[in-house]
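What follows is a set of notes on a single structure, which appears directly below.
The values are calculated or read from the model by the stated rules, or taken from the named source; none is laboratory data. This structure is a prediction, so every number in the text was calculated from the model and none was measured. Because the Cβ atoms are built from the backbone with ideal geometry, glycine has one as well, and the counts that use them run over all protein chains shown.
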């Protein structure tokens, strides 16, 4: 039996994780408000080892945070736009300045550094087309070193998940 456990272990940034750890992660991804007692019952461990495993995964960064997922359409953020951005200059300093600027823009939900024709892909949420226009003209386009911006308007979400462990 001990050999089977060894085969199922996966090391993630120096943290050895086994099937029980992944079971805990699966349950937390489905419901971050689940209690340690409920998790313990579902994976057949006592509460103390479950609590210790969760704490270990939090401290190592496997569990980054707990969050409430909000329906953007119900909080006056009905327009989702994917913005592809290319920079004029491609130095490390210029890139870092752009990233710092983006971090201060509340409309930007995600910023990904990408390869290809563009340098960054932004996921932007605003109330409506007028508020997006204001963001585009007065914030994003005014950011130092922005060369070209291409906006793609999201018509609908087909799949959206935050679940990494199945």
query = Among the residues of segment 108-123, which ones are surrounded by 15 or more Cβ atoms within 10 Å (Cβ to Cβ) and more than 15 Å from the chain's Cα centre (by Cα)?
reply = 118, 119, 120
request  = Tell me, yes or no, whether segment 35-57 has at least one residue that is under 27 Å from residue 156 (Cβ atoms) and loosely packed, with under 14 Cβ neighbours inside 10 Å.
outcome  = no
ask   = When you go through 101, 141 one by one, which is the residue that is out of contact with any strand residue (DSSP E or B) (no Cβ under 8 Å at 6 or more places or on another chain) and either at pLDDT below 95 or farther than 30 Å from residue 30 by Cβ (or both)?
value = 101
